[in-house]
Amino acid sequence: MTIRTKMALGGCLLLQTLFAQPAEDPAAEAARALYTLDAKLKLSGLPDATHLKEIAPYLSSGLQSLIVKAQSQQARCIKSHPGDKGPWVEGDMFTSNFEGFTRFAFGPAKSEPTRVIQTIDFEYSENGAKVRWQDQVILIKEKGRWVVDEISYGHAQGLGNGFGSGLRGTLTTRGC
């Protein structure tokens, strides 16, 4: 191998090292998987049983239980008030923007002994207008893998959120 070839290979290896994507943190990967699926499914309102089954691998058992209880509450409300929509019928419950998001990227993460708090930068674009905000996803380790246990709404540029300050609170405060 000539010196020129060795230098070229060395340069390629250096570039590959500089531009290689670092292995993603397992906690961040769980959050990424949830939001990738949220975008694919275009979730709005409380996930139905089919959608819950799809996103369940990325949610804690406690959060899944709250969603199931909320589904029951929603069904009771719709049955007792057939002319009303019922709680949790519309809006993106997994972000602080009712309309959802069109893009997301990871911000800083804070690792604690029992959980990871992952900041996610969101953007929603429509007709040339953009709304940007940050939410925090709290992940815990359950059965040996990282799962989302709470979403703390950052409130999209002061637009607020009809759901409250976080997903858990939202799932426990609605009534008919």
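Residues in region 86-111 that are within 17 Å of GLY166 (Cβ to Cβ) and of a type in the set (D, E, K, R) were compared, and the one that is surrounded by the most Cβ atoms within 10 Å (Cβ to Cβ) is ASP92.
Taking region 32-47 as the range and being surrounded by 13 or more Cβ atoms within 10 Å (Cβ to Cβ) and either in contact (Cβ under 8 Å) with a residue 60 or more places away in the chain or outside any helix (DSSP H, G or I) (or both) as the test, the residues that pass are ARG32, LEU34, TYR35, ASP38, ALA39, LEU43, SER44, GLY45, LEU46, PRO47.
Quick one: is ARG103 within 23 Å of GLY154 (Cα to Cα) and over 11 Å from the mean Cα position of the chain (by Cα)? Against the criterion (within 23 Å of GLY154 (Cα to Cα) and over 11 Å from the mean Cα position of the chain (by Cα)), ARG103 qualifies. Between SER65, SER80, the distinction of being of a type in the set (Ser, Thr, Tyr), over 16 Å from the mean Cα position of the chain (by Cα) and farther than 27 Å from LYS141 by Cα belongs to SER80 only.
Among residues of region 112-130 being acidic (Asp, Glu) and surrounded by 12 or more Cβ atoms within 10 Å (Cβ to Cβ), the one that is nearest to SER152 (Cα to Cα) is ASP121.
Only one of the numbered conditions (1) surrounded by 15 or more Cβ atoms within 10 Å (Cβ to Cβ); (2) at pLDDT 95 or above is violated by TRP133, and that is (2). Sort out which residues of region 48-69 are surrounded by fewer than 20 Cβ atoms within 10 Å (Cβ to Cβ) and of a type in the set (Gly, Ala, Ser), and write them in order of number. Scanning region 48-69 gives ALA49, ALA56, SER61, GLY62, SER65. If you check PHE163 against the conditions, is it surrounded by 17 or more Cβ atoms within 10 Å (Cβ to Cβ), closer than 20 Å to TYR35 by Cβ, at pLDDT below 90 and touching a helix residue (DSSP H, G or I) at 6+ places or on another chain (Cβ under 6 Å)? Yes.
The values are calculated or read from the model by the stated rules, or taken from the named source; none is laboratory data. Since we're looking at a predicted model, the values are computed, not measured. No Cβ is skipped: glycine too gets one built from the backbone with ideal geometry, and neighbour counts run over all protein chains shown.
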